[in-house]
Structure formats: structure tokens, C-alpha cells
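Participant: Next up is a structure, given as C-alpha cells.
The values are calculated or read from the model by the stated rules, or taken from the named source; none is laboratory data. None of these values were measured; they are calculated from a predicted model. Here the Cβ is made from the backbone with ideal geometry for all residues, glycine too, and neighbour counts use every protein chain on show.
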Amino acid sequence: MSPFLSANPHLRTATPPTSDVEVVSRIDAVKTVLRVLTRTTGLRLAVVARVTPESWTCCAVLDEMGFGLKVGDTLAVSTTFCNTVRTLDGPLRVNHASRDPRFMNHPAPKMYNVESYIAVPLYRRGGEFFGVMCALDSNPADLTDDALETFRHLGDLVGYQLEQEEALTERDSQLMGAHEATVLREQLMGIVSHDLRNPLNAISLSAATLMRRTDLDDRARRGLRRILDSSDRANRLIRDLLDFTHVRTGMALPVKPQPMNLHELAEQVVDEVRLTAPGRSLDLVCEGCGRGNWDPDRIAQVMTNLLTNAVQYSGADALIRVEARGDEREVVLAVTNPGTPIPPALLPVLFEPMTRGTTEGSEHRSVGLGLFIVNQIVRAHGGAVDVVSTEEAGTTFRVHLPRGC
């Protein structure tokens, strides 16, 4: 039994779903948004809740902390920080509740052991308050203004989708028309590509500029290096999320094939990964002709995702092998790493979104879109991806790319 909510008498177990719960459950993007929030903040519990003056109801939850909270569960609203968000009618950020003079006597840290909390209110498009989107943890945190700004934008997105789903319910329909789907796609892409990428680019540019200074000590340089690495990871996450949105809204993943040499690109990507993973051993072998007609940016994205997986899910002293072998029909790219094999039950769904090859290594916080995007890019080139994973030989991903798509 969880030491938190599931053991607390104020938690009321799930009841038959209300209309609010059902509406949120039909918003496909909520699961992705909650994952983005936990990855962005480092907090382990993310929730969309319906909040009224009388009640608090869980409509969607991603629980990586073992709170025991389930969709449909309710809490006494007066014991929650979400009620504070409702009364303030604005965002709330708490880094260490038990030491915060505003909240040290609040029921949330006392009853639920909540120490860190960040939230924004959710509104219907007409301006009516619906509830709260929040993330929380039993550990203190250092939640930044950038994290709160990310919450604001994604809260706007969820509120927009909520309005759309409620309109569909009123029309007794579960499908969006072509116009609504286009508007939703453009809304999500605009938020992610512009409103999130611009602050990240500013952070990266500022950190890179500071790195050029000659008066920095080693500690400062390590800090700036961590900022740059984190920005790069966030940009990769945004890119994967945009690609996921393309596919989920019925659009073909865009590729721009051109003549290129895959061997040369493999050398470049391997060198880049070596820089971001110092001390790791990567061995590259290229054989045969590497020329073909592919999108170099997309193929680099495939290689980066596969190599990042290999680095994350193998030991620090493991040798990662990269092979690019060409024959008359195709070029085959293979990435092999030793380590715990992928469970056989996961292999059939490994390339589905929100799927990871292992439950180990929770410190490698990812949304679970990397292999899904790899598969979509390769399919857009007319190719295929397969995986073999055993205790003896390790895990090998093979990408088959016809020479012209």
C-alpha cells in the first residue's frame, strides 16, 4: 500500500466516471502532456483535476511515485493546493511546502506529504473555470519561471481541447471534423514550435555565449555544459512531439530526400554523441556503398535516437557498436548495445508511442516517443526497422533503407 494517498482516509476511491472525467479521458494529448510535465519539472505525479467549491475529482493522472491516485478518485477539496489555485484564479508554484510560511500549516503537506507543487488553472473557452493541471512530489524542488511558463502554454492547449471535446459531446459525436482537427493541430504545433522553442533557443544561445568567456572556472563551465545538454534534450523532445502530432492527426511525416552518403552522416552523428557522452565507447564500422536518396536531417534523427537509447540503457563501460553496410538494394544501419534484454512481451509494441524497452533506469526520463519516431521516419523512406534482444548478444536495432524512396 502506498504511504501517501492510498493510506489516507480523505481519499475516496474511484466511482463510476462523471461526464467531466469521460470528456478528459477522450483527449488523446493529455497523456503526452502529463509526461512532458513530469519530464520538464522532475516531479513524479501529474494530474488533471476537476475542481469546484465542493469537490476535487481526478480526471487524468500519471503517477510515477506510487501515490495510488486513480482516475475518478476524489479528495476533500479544502485539503488540496488545487483549491488555492481555484481561489487565486491563477498559477501556483511551491518549492518546499513545509518550510514555506504560506503553506507550512496547509493540509496538503501534513496529510499527503506534498512538498513541491506547480499548477495552472484550466478554463473552458468561454472563460468558465474547469479545474487544475498540476504536478507534485513528496520531495522539495527548484521550480523555475520557465517551468511555470511551460505549464501555462500546455494548460491553454488542454483547455482548448477540453472545449472541443465538450462541443463534440453535445453533438453526440466522438470524431472531430476536418476543420477542428486542423485548428487543433496548428494550435499544438504553434505552442510547441514557437512558444516553447523560442525560450529554449534563448537559453542555449546565452549559455553558449557565456562558454566563450576565458575567466570561467571549471565549476561554472560544468554548469553551463549541463544547461546546454538539457536544452538539447528538450529540443529533441519538442521535435519528437511535433512529429508525433503530425502522425496522430493523419498527416504524413515530412521527408525531403536528396542524394547523400550515409557513411559520412554516421561518422558525424557518432562524433556528436561522443561529445555529449564523454567516456562512452562507440565503435563505427562502414562497409560497401553508403550513397542513396534520403533526407539527411531525418536520418540523423533516427541515428541520434537509436544511439541515445543505446547509451542510456547500457553500462558506463559498455561498447556500443554502430554498423552501416551497403549492398546493391539497400543500406542497413545497425546499433548494438549490451545490457538487460528487452522483455519479449514488449517487443510487439516497442515502436508504439509511450513505450520504453525497459522499466529500469527511471532516471532516463523520456516521453517514450523516440522509437515510434524512428519507425515513422524509416517507413516514410520506404524502409523497415527490426530489433533482436538477447542476454548473450545484447540489443540490436537494424534500419533497412532502400537506396531511393
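Participant: Determine whether PRO121 is in contact with a Pro (Cβ under 8 Å, 6 or more places away or on another chain), crowded, with 21+ Cβ neighbours inside 10 Å and either of a type in the set (D, E, K, R) or at pLDDT 90 or above (or both).
Facilitator: Spelling it out, PRO121 is indeed in contact with a Pro (Cβ under 8 Å, 6 or more places away or on another chain), crowded, with 21+ Cβ neighbours inside 10 Å and either of a type in the set (D, E, K, R) or at pLDDT 90 or above (or both).
Participant: In the range 268-306, how many are under 18 Å from ASN337 (Cβ atoms) and small (Gly, Ala, Ser)?
Facilitator: 3
Participant: Could you tell me how many of the residues in the range 58-73 are in a loop (DSSP other than H, G, I, E, B) and not acidic (Asp, Glu)?
Facilitator: So the count comes out to 8.
Participant: If you don't mind, there's one more thing I want to ask. Would you check which residues across the range 117-153 are under 20 Å from PHE67 (Cβ atoms), small (Gly, Ala, Ser) and under 20 Å from the mean Cα position of the chain (by Cα) and list them?
Facilitator: Within the range 117-153, ALA119, ALA135, ALA141 meet the criteria.
Participant: Also, quick follow-up: What number of residues in the range 74-107 are in a loop (DSSP other than H, G, I, E, B) and either over 29 Å from the mean Cα position of the chain (by Cα) or under 20 Å from PHE130 (Cβ atoms) (or both)?
Facilitator: 12
Participant: Could you identify the single residue in ARG219, ARG248 that is at pLDDT 75 or above and not polar (S, T, N, Q)?
Facilitator: Answer to the check: ARG219.
Residue by residue, here is whether (1) exposed (fewer than 15 other Cβ atoms within 10 Å of the Cβ); (2) of a type in the set (A, V, I, L, M, F, W, C); (3) not assigned by TED's automatic domain parsing to the domain that holds ALA49; (4) not in a helix (DSSP H, G or I) holds:
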site	(1), (2), (3), (4)
GLY131	no, no, no, yes
LEU143	no, yes, no, yes
ALA147	no, yes, no, no
LEU157	no, yes, no, no
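Participant: Across the range 308-347, what is the number of residues that are surrounded by fewer than 17 Cβ atoms within 10 Å (Cβ to Cβ), in contact (Cβ under 8 Å) with a residue 24 or more places away in the chain and assigned to a helix (DSSP H, G or I)?
Facilitator: 1
Participant: Also, quick follow-up: Could you please give the count of residues in the range 225-271 that are of a type in the set (Gly, Ala, Ser), over 18 Å from the mean Cα position of the chain (by Cα) and loosely packed, with under 15 Cβ neighbours inside 10 Å?
Facilitator: 2
Participant: If you don't mind, another one. Considering the range 269-288 alone, what residues qualify as being β-branched (Val, Ile, Thr) and in a strand (DSSP E or B)?
Facilitator: Passing the criteria: only VAL285.
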